Structures are given as structure tokens and as C-alpha cells.
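Values in this text are rule-based calculations from the coordinates and carry no lab data. Small disclaimer: the values here were computed from a predicted structure and weren't measured. Note that we place each Cβ from the backbone using ideal geometry, even for glycine, and neighbour counts take in every protein chain shown.
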Amino acid sequence: MKVWIVWLPNVWKSTLFNALTKSYWAEVGNFPFCTIDPNVGIVNVNDERLEKISKVVNTQKIIPATVEFVDIAGLVAWASKWEWLWNKFLANIRETDAILQVVRWFEDENVHHVNGEINPKKDIEIINSELIIADLETLERKMWDNGRKAKSWDKECIKKQEIYEKLKPHLEAGNLAITLDIPAEDRIFLKDSHFLTNKPFIYAVNLLETDLMMSENDLRNLIWITDKNIKVVPISAKLEYDMLELTEEERKEFLVDLWLTFNPVDVLIKTCFDALGLQYYFTAWEIEARAWTIRKWALAPEAAWEIHTDFQKKFIKAEVVNWKDLLDSWSFTEARSKWKVKMEWKDYVMQDWDVVLFKIGG
């Protein structure tokens, strides 16, 4: 699953990518279009529960869930008129599963702002308008092609055309397709059409380190994003980059010195993971403790498939224990003796806190 980092030039977007991936892959420069070709990195979804579980089963090998982040060129107003850049941008961004927009809210005389002022609301309007322009062009083609099919009284095409006719004024008013108020079962028609603004959006507000404790409501008011379905998180790209060379223990101490009770970059990564509609469950034994990525509301056989395709075909049942109960018991065997391990069958809906042992037939 891919998350693409997009925004205007010089918001420290590539710096954030380097901090996320703990690398120096992305070129960082104080000028527009420093990033032309995409930078790609696989990022761990750090979860302290996995580390605690590993101690219970006495293993040193920990395999967390991961998300793929891609850093692409920052855009400017009217980028859609620059055919060579715009086509390259569209070719890249259509492959993404979610969009992480980095919003600048910090003053630094050494980092030029492409519009000459710090105005996150205006910045958001610029980037969204470019994406909406692309969606309107796609929508015009879809409506013309689908409209011809709807005249043959194809029920699916008629329904799709109705949704398109609702979407057009919504986009023209400067709104994202993802915020169109339609029933969940109708949204599949938009997903199949691959509209750019129908992807999950996450806004990372790039702040000074002293502002990282700002509340979510204050962040939303700052960038004028009131829709609670769109995630908004604080981040300080410079702080993360400064900590790039620190060990995990040094990082924790550094954050404590700043009175931060959370790791901002870990919160951002987990938020992106959640926005993709994903969760994970745990397996734990002497060889390894591991987080397995699954879609939310996945059933137990689907979760077993992530380990091996045969596990889904030959699924019998699953032994499931809450990770906290496993920690309290210090072993699966002890957890069973305390009746903390439950037997679940094919209709079991996986939960975020599950530690699982699958029973497979021959």
C-alpha cells in the first residue's frame, strides 16, 4: 500500500520523507522542483505492543507492519498548464492508495516560500484545485462515455451517471471527491473511476518543535480542515531530521527533554496506516514476533491467508488472545489455563489487539 507525499515546494516535504525512511535518499533543496523523480521508501509502523509481546515469547526477532511512502515533486499554482511536469505528476500519483499533504506552518527566513507568505489555507487551496482540475477532466470523459451506455437502460450505468451528476457540482465548488455525501455502497463507482481526490487524505502540519503539543482542534482551525474524516496530525520535519542519527533510546530521551509524551513521526505513520483502511494482528513464538497487515473487518481465514495461501484453504479455527492478557500470563500456555484464549471460527472478525495461533487441517 502506497502513501504519496505531495505539496508545494519548500515545505520540507523531502526532509520529512528522509526522516520517515531514516535515510538521505531524497534531495533537499531550497528551490522548486528539487524532487523530480519519485523517491520510494518502506517504513515500519512502530508499535510498542510488539516489543512487549516479543519479551513474553523470548525472541529477539521483531517484524513490524510496513507502509510504502513515495516523495514526488512539489507543485505550484497552474502546474496543470505545464504539460511535461503535470503528466509526470499524474502518472505517479494515480498509483497511490492515499495522499499525505505536508502543510507549512513555520517561519524560517532561510527557507523561501514559493508564494511569498505562510498561509496554509491558501496552500491547500492551490494543491487541491490542481487535483480537482484533473478530476473534472476525468469526470467529463467518464460522463460522456457512461452517458451513451446509460441510454441503453443499463441499470449500473444509470446509477453511475446519477453519482457523476452529483459529483460534478461538488468538484466545481472546490470540494474533494472523498467528501461527497453519498451512501457507502455507491462509493465503489467512484473508486473504479480512479479520481485523484477520492483517495484518503492526511494533512501533516509542519510546525516548529515548540508547537507540537498543539491540539487537534487548533490544528484543524489553523488549516481550515473541519471534516473529521480527513486526518490532521502535527509534525516537525526539522526535528525529525535532527534526530535521524540518534538511537531509539537517545530519541526517547530527546523527546522527553522537549516535554513530548509521544513520538510524532510514529503517530504520523500509524495515522497513514489507519487511513488506508488497514490494521494488523500479531503472531508470537520463539522464532519471531510479527505484525501481519490485513484490511479492517477482515475475517480470520483472510488473516490466515497473509501467512500462507494454504492457511486460508485449510483453516479450521484460531486461538486468539488479547495482547494484554498474554502479557499478564507470560505465555500462551498460561493464558489458556486462565481461560483467556478463545477459540474462534471462520466468521470471526479480526481485532487490532489479537495475538493469534491458527489451526490448519491437512
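Of the beta bridges in the chain, as assigned by DSSP with both residues counted there, near 55 percent are antiparallel. Across the stretch 216-294, C-alpha contacts under 8 Å between residues 6 or more apart give a mean separation that, scaled by the residue count, equals a relative contact order of 20 percent. Of all lysines in the structure, those lying under 27 Å Cα to Cα from LYS314, and not within fewer than 8 positions of it along the same chain, are LYS296, LYS340, LYS342, LYS346, LYS359. By the rule of a C-alpha distance below 17 Å, with chain neighbours fewer than 8 residues away ignored, the aspartates and glutamates paired with LYS252 are ASP47, GLU48, GLU51, GLU209, GLU240, ASP242, ASP266.
Can you classify the chain as rounded, prolate or oblate using the Cα gyration tensor, where a ≥ b ≥ c are the square roots of its eigenvalues, rounded means a/c under 1.5, and otherwise it's prolate if a/b beats b/c and oblate if not? Here the chain falls in the oblate category. Counting only Cβ charges, +1 for Lys and Arg and -1 for Asp and Glu, the dipole size of the chain around its Cα centre is about 1600 debye. If you find the alpha carbon centre of the stretch 236-304 and of the stretch 185-220, how far apart are they in angstrom? Distance between centres, Cα-based: 19 Å. Sparse packing (at most 14 other Cβ atoms within 10 Å of the Cβ) combined with a DSSP loop state is found for the following trypsin sites (Lys or Arg not before Pro) in the stretch 287-358: LYS296, LYS338, LYS346.
Of the residues ASN39, TYR280, LEU357, the one whose Cα sits farthest toward the positive end of the charge dipole of the chain, with +1 on the Cβ of Lys and Arg and -1 on the Cβ of Asp and Glu, is LEU357. Legend: residue pairs LYS121/LYS231; LYS22/LYS228; LYS2/LYS55, Cα-Cα distance threshold 23 Å; pairs beyond threshold, LYS22/LYS228; LYS2/LYS55.
Farthest toward the positive end of the dipole of the chain, out of PRO169, LEU244, VAL256, is the Cα of PRO169, where the dipole comes from beta carbon charges about the Cα centre.
When you restrict to C-alpha pairs under 8 Å that are six or more residues apart and normalise by the size of the chain, the relative contact order lands at 19 percent.
Under the convention that each Lys and Arg Cβ holds +1 and each Asp and Glu Cβ holds -1, the size of the dipole of the stretch 297-360 around its Cα centre is about 280 debye. A Cβ-based charge dipole, computed about the Cα centre of the stretch 128-197 with Lys and Arg at +1 and Asp and Glu at -1, lands at about 300 debye. Which residue fluctuates the most in the chain, going by a Gaussian network model with Cα springs under 10 Å, if the choices are ASN221, ASN198, ASN39? Ranking ASN221, ASN198, ASN39 by mean-square fluctuation puts ASN221 first. Considering only GluC sites (Glu not before Pro) in DSSP loops that have at most 13 other Cβ atoms within 10 Å, the longest stretch of the chain without any of them is 118-244. Short-range pairs are left out: with C-alpha atoms under 8 Å and at least six residues apart, the relative contact order of the stretch 306-348 is 48 percent.
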